[in-house]
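Presented below is the structure to which this report refers.
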Amino acid sequence: MINALHNLRLISEGQITQGKAVLFDGNTIVDIVDEPAIPADAIKTDLTGNFLAPGFLDLQLYGSGGRLLSIDTDEATLLQMENDLLDQGTIGFFPTISTNTNEVIEQTIQVCRSYRDKRRGNFLGLHLEGPFLNPVRRGAHNKDFIQKASLELVRKWIEMGDGVITMMTIAPELQDQEVIDYMHSAGIILSSGHSNATYAEGKAFLNKPIPAVTHIYNAMPQMHHRDPGYIPAIFEERPYTSIVPDGIHVDFVMARLAKRELGDKLFFITDSVTESHHGPYQHRFTGDRYVLASDGTLSGSCLTMLKCVENGVKHFEISLPESVNMASLYPAQLAKLNKGKIAAGFDADFTVFNDGFELRGTFMAGKRIN
């Protein structure tokens with residue numbers, strides 16, 4: 001049965017188009033047509049003039065609703081994240097855990113693998129941010145858990161996960177090439193983060209084979225006119241690069257610079273956490289940010305993906321369609337997902353919102369969630 005969404009402003013592939021209807025059958029988009037060409041027998045849904053965008057994707061966030069995955073390591077946390085994110089217009093995400101003990105990481109891998117068959121649909125795999133980081137750039141990560149990767153340990157985790165580990169943030173300059181090559185060959189998205197790489201080191205491993213960088217400017221050497229450091233290597237090699245667009249993790253002036261340099265390789269993550277009062281990563285909310293309760297170190301954000309899109313329009317000096325791309329198309333391209341566009345053959349995942357950036361609906365796999 002064909003479904004038709006109409007009376008909408010369509011955002012896709014860099015444009016806003018009116019007078020169109022989106023047709024989908026099951027979980028797949030079949031066509032974009034002029035409204036008068038909607039099939040007579042289609043089930044029609046009137047979106048009352050709101051924006052229809054590809055469903056948002058968040059490749060890095062740690063928890064929701066008072067539950068952090070690396071502390072509350074159970075299926076209830078994943079369900080909480082799925083439900084909360086669908087209510088925010090996010091149709092796909094990589095739950096993330098910070099550097100931790102091997103035991104906690106392995107427990108998390110097993111929980112995610114078990115949950116995979118029970119998911120609502122927007123849980124897309126696990127992102128391990130650590131423990132293979134550079135302690136010099138640890139940021140909010142616990143230094144006691146940071147370690148160098150070994151081929152034996154990495155192979156154990158990947159085999160244990162059976163495909164559920166989708167992304168890993170590592171400091172490539174500290175890892176053996178055989179380990180990097182093994183992770184890459186296993187289909188893991190490798191992202192350089194919490195790295196103290198030099199300009200030369202970055203030039204050597206970015207896109208060779210490291211395809212991504214985690215939260216640009218944060219937890220990496222800063223630029224200097226005599227010692228350019230790692231960031232100019234990122235700008236020159238242009239890997240897919242995430243940014244936390246809250247104006248706190250990165251000043252919007254520097255965010256605009258990153259956008260000018262990286263173009264369609266820069267994408268949004270929320271890097272969001274939640275208030276927590278037990279375990280090694282206790283967070284408290286200070287009004288506009290989360291910090292570690294132990295020492296006040298800036299930790300994750302309190303962003304949603306829709307707020308990322310709003311901040312992109314208001315502070316990045318980019319159009320609404322381009323801001324939507326940063327929340328959908330570009331992360332989809334990095335993760336090789338059939339999402340991020342409203343076009344025939346793509347997944348029927350949509351986010352509906354109004355001019356005030358208020359959510360008005362979420363569709364996942366062709367079904368309206370809210």
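Structure notes:
- Lysines with Cα under 26 Å of Lys314, excluding same-chain neighbours fewer than 8 positions away: Lys259, Lys265, Lys339, Lys341
- Approximate spin-label separation Asp74-Phe252, in nm, with each point projected 7 Å along Cα-to-Cβ: 4.2 nm
- Residue-averaged [θ]222 nm for the chain, counting only DSSP H segments that reach four residues, each worth -39500 (n - 2.57): -7500 deg cm²/dmol
- Highest mean packing first, where packing is the average number of other Cβ atoms within 10 Å per residue, the peptides 3-14, 139-150 line up as 3-14, 139-150.
- Stretch gain in nm, segment Asp227-Glu35, where the contour uses 0.36 nm per residue and the Cα spacing is subtracted: 63.4 nm
- Were the residues from Lys44 through Arg260 laid out at 0.36 nm apart, the gain over their Cα-Cα distance would be 73.7 nm.
- Each of Ile188, Ile243 was scored by other Cβ atoms within 10 Å of its Cβ. Listed from fewest to most, they are Ile188, Ile243.
- Segment 56-196: Cα Rg divided by the 2.2 N^0.38 Å rule of thumb: 1.00
- Net length gained if the chain between Leu151 and Val313 were fully extended (0.36 nm per residue, minus Cα distance): 54.0 nm
- Distant alpha-carbon pairs in segment 1-105 (separation over 17 angstrom), percent: 63 percent
- Counting only aspartates and glutamates at least 8 places from Lys20 when in the same chain, those with an alpha carbon closer than 14 Å to its own are Asp31, Asp34, Glu35, Asp46.
- For the peptides 353-362, 317-326, residues were scored by their other Cβ atoms within 10 Å and the scores averaged per peptide; the highest-first order is 317-326, 353-362.
- Approximate shape of segment 167-279 as ellipsoid semi-axes (Cα gyration tensor, √5λ), whole Å, largest first: 22, 20, 13
- Hydrodynamic radius of segment 314-369 per Kirkwood, over alpha carbon pairs, in Å: 12.3 Å
- Relative contact order of segment 56-335: 18 percent, from C-alpha pairs under 8 Å at least 6 residues apart in sequence.
- Whole-number D in µm² s⁻¹ for the chain, Kirkwood Cα-pair radius fed into Stokes-Einstein, 37 °C, 0.692 mPa s: 157 µm²/s
- Alpha-carbon centroids, segment 87-106 and segment 198-256: separation in whole Å: 23 Å
- When both bridge partners sit in segment 56-335, DSSP labels roughly 25% of those beta bridges antiparallel.
A short reminder: the numbers here are calculations on the coordinates, not readings from a lab. From a predicted model like this one, the values you see are computed outputs, not experimental measurements. When we count neighbours, we look across all protein chains shown, and the Cβ atoms used for this are built from the backbone with ideal geometry, even at glycine.
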